[in-house]
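The values are calculated or read from the model by the stated rules, or taken from the named source; none is laboratory data. Just so we're clear, the structure is a prediction, and the values are computed from it rather than from any experiment. Cβ atoms come from the backbone with ideal geometry, glycine included; neighbour counts cover every protein chain shown.
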Amino acid sequence: MGASSLKPKRGSTQEEDPPNSTTALLSCTTDSSSTPPKSTTTTVPFVSLFLAACLALSVTGAFAFLFFSSSPSHSQLNQKSEHVAEFSRPLTKLSHPVVLLISSDGFRFGYQFKTDTPNIDRLIKDGTEADEGLIPVFPSITFPNHYSIVTGLYPAYHGIINNYFFDPDINDTFTRTTGGSDPKWWFGEPLWETVVNHGFNASAYFWPGSEASKGKWTCQEYFCKHFSESVPFKERVDTVLEYFDLPSDEIPAFMSLYFQDPDSLGHDVGPDDLEITEAVGTIDSMIGRLIQGLEKRGVFEDVHIILVGDHGMAGICERKIIFLDDLAIPKDWAESDWALLGIRPPVGYPLPEIVDNMTKGLEEVENGKHMKVYLKEDLPQRMHYAGTNRIPPIIGLLDEGFIVTQSRPAGEDSCGGAHGYDNKYFSMRSIFIGHGPRFPQGKKVHAFENVEIYNLVTSILNIKGAPNNGTEGFPNYVLLPRVAVHDDRRIRVGSENVFDTCQVPRGEGVCKADGT
Ligand SMILES: [Zn+2]
């Protein structure tokens, strides 16, 4: 989940990542500042086409503006896929749809090309993949992103704005160890709550937020595990598989499964070390174990597996550090540092003046040009990182691969990895792979932000989700139309005019022919 200190050098690391100009063009832009739906995605093919057009036609800046401002992202998503099956595949054994959401922490997009990953490859080949990666929310940090994935909300709205933060309104501090099970920190409606509120079982084999009671969800031992990184990965997989041995209507409709690798190694050795390659192989073997177990039970083709990561990883080295001591920033003002600087001066200090002074100071210090300081309200709107007092009033954004910390460490230069940077950077992207009856086989979709996943899951499960920052129609562009199964009824979807859903909570009525 994230070391925050440079570790001794343990092998060669490559610290350079794609140049900023390119990664900026690859970025996803979003425009909502609260919960309304928004559109996403700018793509590599579009960028390539644009550059080619510029060279050949010597087009003007005005044309460029028109080009970038006219492209409905969802039509791009559709165009990218050449294969569209007519309907989802019917369930053969399970009595209701099941989503198994798996996270591999710090699985940077591209790790899957580092070594043979036959099991992940199988999910990709027979399923749907974001072939330019999954875009994290800002900040690209573990807890904020995991909770965005299961709530569809940006951190400013689900409350977990960092792995560690202070809430001035309640005068209390969240930490991963002390805040995990206290509902006062966790806003929004996570998937496990949505699912149990609809009368199904849900399970969580580790996931940030799952230990907090919300709605009808309580973290009870059989279906919810309290985080312990020492639990072997095999044991986690085998426990999830055992849930499929339950009577059909007791099988959780939503299950989460979490692996803390390859993030921890990524911090230690950086994203390009051989040890990362080994960790990726381990994750792939766990996916293989899972597939085998599901096949043995005859349910593999019935289960919706969604494999994601929370963020990527960028290489860092000590010579790319900025020191707060050089800027005369007191130690107790910094609530976060490293890849994301958060400064909360004592009440009464003039914030704009501090930003001005820091900006002037950065002109004078080593590597200072690689950090830009903002009042949080002045951050780019696409970051959605202002709407709560939990976010410190002053934010420093680092260029990719640079870090900020209080003072010079003793010892020699060392290298490692970090995340938390602007989510525009390609190195911060992770993976999205979906496999199961509602996912078209062999479909590729463009990169999208992970707040879209909540609506994907509720659509697969055919339940009504809570309001969120995801795009309402997004599932229609990724998933196959439903052959609905509800309380042993199957409703064939024949045209757009026919209801394809049944919204009656399980056990609370019967679906009518029109799906109401
Ligand atoms: Zn981490």
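Here are a few things to note about the model shown:
- Only a single item in (1) touching a helix residue (DSSP H, G or I) at 6+ places or on another chain (Cβ under 8 Å); (2) crowded, with 20+ Cβ neighbours inside 10 Å; (3) within 21 Å of Ile161 (Cα to Cα) is not met by Arg382, and it is number (1).
- In the stretch 410-418 there is no residue matching the filter, namely being of a type in the set (A, V, I, L, M) and within 13 Å of the chain's Cα centre (by Cα).
- From the options Gly188, Gly152, Gly209, residue that is crowded, with 24+ Cβ neighbours inside 10 Å and either more than 24 Å from Phe107 (Cα to Cα) or not assigned by TED's automatic domain parsing to the domain that holds Ile291 (or both): Gly188
- Residues (part of a strand (DSSP E or B) and within 24 Å of Pro262 (Cβ to Cβ)) located in the stretch 422-443: Ser430, Phe432, Ile433, Gly434, His435
- Looking across the stretch 127-149, the residues that are assigned to a loop (DSSP other than H, G, I, E, B) and within 25 Å of Gly442 (Cα to Cα) come down to Gly127, Asp131, Glu132, Gly133, Pro136.
- Applying the condition of being more than 16 Å from Leu123 (Cα to Cα) and under 16 Å from the mean Cα position of the chain (by Cα) to the stretch 93-106 and asking which residue is surrounded by the fewest Cβ atoms within 10 Å (Cβ to Cβ) yields Asp105.
- Of the strands (runs of 3 or more DSSP E) contained entirely in the stretch 278-340, those carrying at least 3 residues that are under 30 Å from Ser248 (Cα atoms) fall at 303-308.
- Within the stretch 100-117, being assigned to a helix (DSSP H, G or I) and in contact with a helix residue (DSSP H, G or I) (Cβ under 7 Å, 6 or more places away or on another chain) holds for Tyr111, Gln112.
- Each residue in the stretch 334-360 was checked for being more than 16 Å from the ligand (Cβ to nearest atom) and buried (at least 18 other Cβ atoms within 10 Å of the Cβ), and 9 pass.
- With respect to being without any contact (Cβ under 8 Å) to a residue 60 or more places away in the chain, out of contact with any Lys or Arg (no Cβ under 8 Å at 6 or more places or on another chain) and on the phi > 0 side of the Ramachandran plot, Gly180 falls outside the description.
- For the stretch 385-405, filtering for residues that are in contact with a helix residue (DSSP H, G or I) (Cβ under 8 Å, 6 or more places away or on another chain) and either surrounded by fewer than 16 Cβ atoms within 10 Å (Cβ to Cβ) or assigned to a strand (DSSP E or B) (or both) leaves 7.
- Residue list for the stretch 261-287, filter: over 18 Å from Gly110 (Cα atoms) and within 13 Å of the ligand (Cβ to nearest atom): Asp268
- Residue in the stretch 150-158 that is assigned to a loop (DSSP other than H, G, I, E, B), over 24 Å from Gly465 (Cβ atoms) and at pLDDT 95 or above present: no
- Within the stretch 379-427, if we keep just the residues that are of a type in the set (Val, Ile, Thr) and either touching a Cys at 6+ places or on another chain (Cβ under 6 Å) or touching a residue at least 60 places away in the same chain (Cβ under 8 Å) (or both), the residue that is farthest from Pro346 (Cα to Cα) turns out to be Ile403.
- Test result for Tyr374, within 16 Å of the ligand (Cβ to nearest atom) and of a type outside the set (A, V, I, L, M, F, W, C): no
- Filtering the stretch 189-229 to residues that are in contact (Cβ under 8 Å) with a residue 24 or more places away in the chain and charged (D, E, K, R) leaves Glu189, Glu193, Glu211, Lys214, Glu229.
- Residue count for the stretch 208-260, restricted to those that are within 16 Å of the ligand (Cβ to nearest atom), part of a loop (DSSP other than H, G, I, E, B) and within 23 Å of Tyr454 (Cα to Cα): 3
- Of all residues in the stretch 299-333, those that are touching a His at 6+ places or on another chain (Cβ under 7 Å) and within 16 Å of the ligand (Cβ to nearest atom) total 5.
- Matching residues, the stretch 431-470, being of a type in the set (Val, Ile, Thr) and either under 22 Å from Met255 (Cα atoms) or out of contact with any helix residue (DSSP H, G or I) (no Cβ under 6 Å at 6 or more places or on another chain) (or both): Ile431, Ile433, Val451, Ile453, Val457, Thr458, Ile460, Ile463
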